[in-house]
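See below for the structure under consideration.
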Amino acid sequence: MNLSLQDIVKTYNGHAVLKHFTATFPVEGCYLLLGENGAGKSTLAKCIAGDIVYDSGTMHYQHNRPVAEDVALQYQTFDSYSHLKIAEVIRLFQALTRGSGDLTELYSLLELTTYSDILVKNASGGQRKALSIYLAFLLNKPIILLDEPFADLDLTKKKQFAAFLQKDIKESQRIIIVISHEVAGFERLFDSIYILQDGRLADHGTLNALEEKYPNPMFKGIEGIYFEVTGKVLGGRVG
Amino acid sequence: MIKQITRTFILESMRNYGVGFGNVLPAFIFLIISFIIKSVVNEETFQYMVKGQFLPVSILLLLFSFAFSSATIYLADMKANRTFDWLKRTKIAASTYYIGMGIGVFILANIALVLLLASYKLLIDITWSNFLLILLMCNFVLLALYPLSFILAGLFKNGKMAQSMLVPTMILLMFSITMTTMFLTLAGKNPQHYFIFLVWNPMLYLNDGLQYYLGLTATTWLPLYQYFIILAGWSLVLALIARKVYHR
């Protein structure tokens, strides 16, 4: 099953944020959504997750079911239940999701044990991000959207998390879409890269295909490809 | 699942000391003043003041702030900080959350109410049967007010906006009853003759019931069982509206 988006249009107060965005995300893959601030990445993620309603276009994943029902979205931060301890939030969501899946590995790599007794309101950005990532996987949906999951994680955790993603995709046959600027060293994690510019899909393909298409980029890695496609430097250095 | 939601609401409310203290303070200020004036005025005047004004206002304030305004702010914040976006992806039904949080509101409000009434019982004559009937009436008012908090939380963007709009709401719900009753009594008129204009306000039934249970009036405006039916009806209608408004 593929996640297919056709001609998605979303406007805010007459300003088009997504302009006939069309893309297909095949199952059992990890995809990178790249674009400068305001390119429409977060709006697209919220449309897929059903947080906002798009104006026109079609989304399809499973028959007779809205796509949003199969999506978990990890927001950039976790501000809910500020007076609960991190362990209590996890217990609450375990009860609400009826304890789906074994996430011991993720729990341990995000080192949630070390700060499980901290109230959410006192947790650092990185700790909240880790909680947010854990809850997104706890929801056990076939499509997971991760908004800047690598930000606030240290290098070791980033590597461990990337390895976890690779393993999880194979085991659970999920579609994982990552919105991130901080992908230096993790380019090979992604089966395909989707570059958004001004609400449209400017280009997409595997890293190898894009490197072949743009053989002499000004910068190394994804940043170079992004520059070749959009003529702009990616906000936050990559590659 | 309901138990987990209830526990979460109670834990969050109890750990938020500032809000908790702010919620009980107005009601207990009237109690403290009652203790002070006991030694200043004669017994008959004291009983009349406490039963006629201080106790009803304390209860109205307690119900309003503890159960209604704090629930509204809590819900408005849940909407603003994306808690409901997380929750809609779990297996929980909206009705389960509504019931779970409602149980939490009722438990906290009843603990505060029992403490308040028990303290007032030290000052004025309240029989145990009337004590329980007052509690019962308060719970029916809570039942009517609880869905209203979902409606207001649905209308406001976040907790701060909800907080600022709750002041006029409180003035409307509380003072339309207490001021009307006080001024009509001072003018030598029977307030109950004018209650038809206040049927929209759940606080009316609480205030009129309280006056009766405390022995200030011989009868209630309508039979008490009708108050319970009206309040339960209000709760049902408001819950249906809340379902539409909060999930817009």
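The values are calculated or read from the model by the stated rules, or taken from the named source; none is laboratory data. All of these numbers come straight from a predicted model, not from anything done at the bench. Glycine also receives a Cβ, built like all others from the backbone with ideal geometry; neighbour counts cover every protein chain displayed. For accessibility, only protein heavy atoms count, side chains too; no ligands or nucleic acids. Shrake-Rupley method; radii C 1.70, N 1.55, O 1.52, S 1.80 Å.
State all residues of the range A:43-64 that are under 19 Å from residue B:83 (Cβ atoms) and either more than 14 Å from every other protein chain (Cβ to nearest Cβ) or in contact with an Asp or Glu (Cβ under 7 Å, 6 or more places away or on another chain) (or both); if no residue qualifies, say none. Steps first, answer last, please.
If we filter the range A:43-64 for residues that are under 19 Å from residue B:83 (Cβ atoms), which is where we start, we get A:45-46, A:49-52.
Once the filter is applied, which keeps residues that are under 19 Å from residue B:83 (Cβ atoms) and either more than 14 Å from every other protein chain (Cβ to nearest Cβ) or in contact with an Asp or Glu (Cβ under 7 Å, 6 or more places away or on another chain) (or both), the range A:43-64 yields A:45, A:51.
Taking the condition among the small types (Gly, Ala, Ser), within 13 Å of another protein chain (Cβ to nearest Cβ) and under 26 Å from residue B:203 (Cβ atoms), does residue B:65 pass?
When the stated conditions are applied, residue B:65 does not pass them.
Residue check, residue B:96 against (1) more than 29 Å from residue A:139 (Cα to Cα); (2) open to solvent by 20 Å² or more (accessible area, probe 1.4 Å), all met but one. Which one?
Unmet condition: (1).
For the range A:1-81, please list each of the strands (runs of 3 or more DSSP E) lying entirely inside it that holds at least 1 residues being more than 28 Å from residue A:162 (Cβ to Cβ) and out of contact with any Cys (no Cβ under 7 Å at 6 or more places or on another chain).
Once the strands (runs of 3 or more DSSP E) in the range A:1-81 are filtered for at least 1 residues that are more than 28 Å from residue A:162 (Cβ to Cβ) and out of contact with any Cys (no Cβ under 7 Å at 6 or more places or on another chain), what remains is A:3-12, A:15-25, A:56-60.
State all residues of the range A:93-125 that are farther than 30 Å from residue B:95 by Cα and open to solvent by less than 20 Å² (accessible area, probe 1.4 Å); if no residue qualifies, say none.
A:106, A:109, A:110, A:112, A:115, A:123
Give me a count of the residues in the range B:223-239 that are touching a residue at least 12 places away in the same chain (Cβ under 8 Å) and open to solvent by 20 Å² or more (accessible area, probe 1.4 Å).
6
Please work out if residue A:26 is within 12 Å of chain B (Cβ to nearest Cβ) and either open to solvent by 20 Å² or more (accessible area, probe 1.4 Å) or under 15 Å from residue A:146 (Cα atoms) (or both). Give the steps one after another, and end with the answer.
Details: within 12 Å of chain B (Cβ to nearest Cβ): no; either open to solvent by 20 Å² or more (accessible area, probe 1.4 Å) or under 15 Å from residue A:146 (Cα atoms) (or both): yes.
It is false that residue A:26 is within 12 Å of chain B (Cβ to nearest Cβ) and either open to solvent by 20 Å² or more (accessible area, probe 1.4 Å) or under 15 Å from residue A:146 (Cα atoms) (or both).
Identify, please: which residue in the range A:65-76 is of a type outside the set (D, E, K, R) and at the interface with chain B (Cβ under 9 Å from one of its Cβ atoms) and is, among those, surrounded by the fewest Cβ atoms within 10 Å (Cβ to Cβ)?
Step by step, filter the range A:65-76, then rank; the result is A:68.
Return yes or no: is residue A:150 touching a residue at least 24 places away in the same chain (Cβ under 8 Å) and part of a helix (DSSP H, G or I)?
no
Pick from the range A:99-150 the residues that are acidic (Asp, Glu) and more than 21 Å from residue A:180 (Cα to Cα): which of them is modelled with the lowest pLDDT?
Of everything passing the filter in the range A:99-150, A:102 is modelled with the lowest pLDDT.
Considering only the range B:3-18, how many residues are facing chain A (nearest Cβ under 10 Å), assigned to a helix (DSSP H, G or I) and open to solvent by 30 Å² or more (accessible area, probe 1.4 Å)?
8
Which one of the conditions (1) over 14 Å from residue A:138 (Cα atoms); (2) surrounded by fewer than 18 Cβ atoms within 10 Å (Cβ to Cβ); (3) at pLDDT 85 or above does residue A:49 fail to meet, given that it meets all the rest?
Here residue A:49 meets the rest and fails (2).
Can you spot a residue in the range B:76-87 that is touching a residue at least 24 places away in the same chain (Cβ under 8 Å), under 23 Å from residue B:210 (Cβ atoms), more than 10 Å from every other protein chain (Cβ to nearest Cβ) and small (Gly, Ala, Ser)?
So far as the range B:76-87 goes, no, none of its residues is touching a residue at least 24 places away in the same chain (Cβ under 8 Å), under 23 Å from residue B:210 (Cβ atoms), more than 10 Å from every other protein chain (Cβ to nearest Cβ) and small (Gly, Ala, Ser).
Scan the range A:98-141 for residues that are away from chain B (no Cβ under 14 Å), at positive phi and under 15 Å from the mean Cα position of the chain (by Cα) and jot them down.
Hits for the range A:98-141: nothing passes.
Among all residue pairs at least 6 apart or on different chains, which show Cβ distances below 7 Å where the first residue, located in the range A:12-30, is of a type in the set (Val, Ile, Thr) and the second is in a loop (DSSP other than H, G, I, E, B)?
Between residues of the range A:12-30 that are of a type in the set (Val, Ile, Thr) and residues that are in a loop (DSSP other than H, G, I, E, B), the close pairs are A:17/A:40; A:17/A:199; A:24/A:2; A:27/A:1; A:27/A:2; A:27/A:173.
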